[in-house]
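The block underneath contains the structure these notes are about, expressed in C-alpha cells.
The values are calculated or read from the model by the stated rules, or taken from the named source; none is laboratory data. Only a predicted model underlies this, so the values are computations on that prediction, with no experimental measurement involved. Quick reminder, even Gly has a Cβ in these numbers, built from the backbone with ideal geometry, and neighbours come from all protein chains shown. We work out accessible area using only protein heavy atoms, side chains counted, and drop any ligands, DNA or RNA first. Shrake-Rupley method; radii C 1.70, N 1.55, O 1.52, S 1.80 Å.
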Amino acid sequence: MDRSSLLQLIQEQQLDPENTGFIGAETFAGLVHSHELPLDPTKLDMLVALAQSNERGQVCYQELVDLISSKRSSSFKRAIANGQRALPQDGLLDEPGLGVYKRFVRYVAYEILPCEVDRRWYFYRHRSCPPPVFMASVTLAQIIVFLCYGARLNKWVLQTYHPEYMKSPLVYHPGHRARAWRFLTYMFMHVGLEQLGFNALLQLMIGVPLEMVHGVLRISLLYLAGVLAGSLTVSITDMRAPVVGGSGGVYALCSAHLANVVMNWAGMRCPYKLLRMVLALVCMSSEVGRAVWLRFSPPLPASGPQPSFMAHLAGAVVGVSMGLTILRSYEERLRDQCGWWVVLLAYGTFLLFAIFWNVFAYDLLGADIPPPP
C-alpha cells in the first residue's frame, strides 16, 4: 500500500475528520480487518505499541505512513519503545509450521538482532530476493583465485615464499603504490590454505547473516572499508611490507558483530553466546599472532618482507567504529544520524592523510622499500 492509496482510504473512511494529524489505532486496525488489507501481523503489533505511546491512544499520521511503507526512523523506534502496553510476548521461537528456509531466517534474526521487535519486523518483512550475493561472490572469487595460483605455483601453503607469487597484479606491494587498484584487490590473494579457510569460514558464517539482515549495500561498504583501511594502514605503519588476504574486511565484520553483541548482551538470544564469544576472540587473536610470526620470524627463506599483520588491526578498528554504527541502525536511515557523519568524517580524514602519506612520505623519509617484483 503506497502513501497515496493510504491517504485516499483515510479520507474516504473519515478516520481523521478534524484534520488533527492523529488517527485512532483501534479504528484503523478494524478498517484493516474489514477491508482485508495486506498488513503483516508484526505491523499491527507495532501499531498498538505506537498508540500506547500516545496519551489519547492515537497514532501520528506520518508514523502510520512510515509503518505501512516499511520506513523506520529513530523517533519511530522510540515511540515503539515508549509504548505503555508491551507487544505480545510470544516470540518467533513459538512460530509453528515453518519451512526450512523460514526457520533459517528465524535463526538469522536471533543471531543478529538484539530486540524482539526488530526480530519480528525482519522475520515478516524478509524476502529471499535479492539473496545475499556479495559475501558469497567475494568468497567464491577468493577460492577461484587461490586455486588458480595454487595450481600455477604448485604450492598450497605459504604461497608468499614462492618467488613468482609477488608478481601477481592483485597483491599490494609498496613498490607498486601507484597502481591504486592493488589497495583493494589484495583481498583476493591469500598466504595459504589456512588463511583462506579461516577468512572464508567467517565470511560465510557471519558475513552472510549480516548481509541478509542489513542489506548488500551496508555490508559491502563495511567490508570494503575494512579492506581499504587495512592496506592504507600497512602503507603508513609497515612501509616495507606487502599485504595479501581479505582479513581487513573479515575483521571489520567480526569486530562490528562482536561489539554489537556485547553492547546488547541482555537482548541477544543466540545460544551459548559467552562460549561463542570467547572462541571467536581466541580464533581471531590466534590468526593475528600467526600473521605477526610470519612477518617477523619467517619459517622459510624469503626474497623480501612477508605480508604485514596491520590490516587485521585496521579492519577491527573500522568494525568497532563504522561497523557498530551500521549494525545499531537496523532499518534506520544512516544519513539522519549524527554519529554516522562523525564516523564518515573520521574515515575520510584518514583516507586523505593516507593518500598524502603515500604520495610524499616515502620520498621525504627515504624509506628503504624492497624493489617491486
When residues of segment 162-183 are filtered for being among the basic types (Lys, Arg) and either in a strand (DSSP E or B) or without any contact (Cβ under 8 Å) to a residue 24 or more places away in the chain (or both), how many remain? 1
Those residues of segment 249-278 which are under 13 Å from the mean Cα position of the chain (by Cα) and under 30 Å from Gln306 (Cα atoms), in sequence order: Gly249, Val250, Tyr251, Ala252, Leu253, Cys254, Ser255, Ala256, His257, Leu258
Under 9 Å by Cβ, and 6 or more places apart or on different chains, what pairs join a residue from segment 277-292 that is open to solvent by 40 Å² or more (accessible area, probe 1.4 Å) with one that is of a type in the set (D, E, K, R)? Arg290/Glu194
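Select the helices (runs of 4 or more DSSP H) contained entirely in segment 184-247, then report the ones holding at least 2 residues which are over 11 Å from the mean Cα position of the chain (by Cα). Spell out how you get there, then give the answer.
Working: elements: 193-202, 208-214, 216-237.
By residue number, 193-202, 216-237.
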Return only the number of the condition from (1) touching a residue at least 12 places away in the same chain (Cβ under 8 Å); (2) assigned to a helix (DSSP H, G or I); (3) among the polar types (S, T, N, Q) that Ser128 does not satisfy. (2)
Would you check if Arg295 is assigned to a helix (DSSP H, G or I), open to solvent by 10 Å² or more (accessible area, probe 1.4 Å) and closer than 20 Å to Trp156 by Cα? yes
If Gly315 meets every condition in (1) over 16 Å from the mean Cα position of the chain (by Cα); (2) open to solvent by less than 70 Å² (accessible area, probe 1.4 Å) apart from one, which number is that one? (1)
If you scan segment 318-339, which residues turn out to be assigned to a helix (DSSP H, G or I) and either of a type outside the set (A, V, I, L, M) or over 20 Å from the mean Cα position of the chain (by Cα) (or both)? Gly319, Ser321, Gly323, Thr325, Arg335, Asp336, Cys338, Gly339
What are the residues in segment 140-161 that are aliphatic (A, V, I, L, M), assigned to a helix (DSSP H, G or I) and under 30 Å from the mean Cα position of the chain (by Cα), if any? Leu140, Ala141, Ile143, Ile144, Val145, Leu147
Over segment 123-156, the set of residues touching a helix residue (DSSP H, G or I) at 6+ places or on another chain (Cβ under 8 Å), open to solvent by 70 Å² or more (accessible area, probe 1.4 Å) and modelled with pLDDT of 90 or more is Val133, Trp156
Looking only at segment 205-214, decide whether some residue is free of Cβ contacts under 8 Å to residues at least 40 places away in the same chain and surrounded by fewer than 19 Cβ atoms within 10 Å (Cβ to Cβ). yes
When every residue in segment 157-179 that is modelled with pLDDT under 95 and of a type in the set (Ser, Thr, Tyr) is compared, the one farthest from Phe198 (Cα to Cα) is Ser168
State the number of residues belonging to segment 169-183 that are open to solvent by 10 Å² or more (accessible area, probe 1.4 Å) and under 25 Å from the mean Cα position of the chain (by Cα). 4
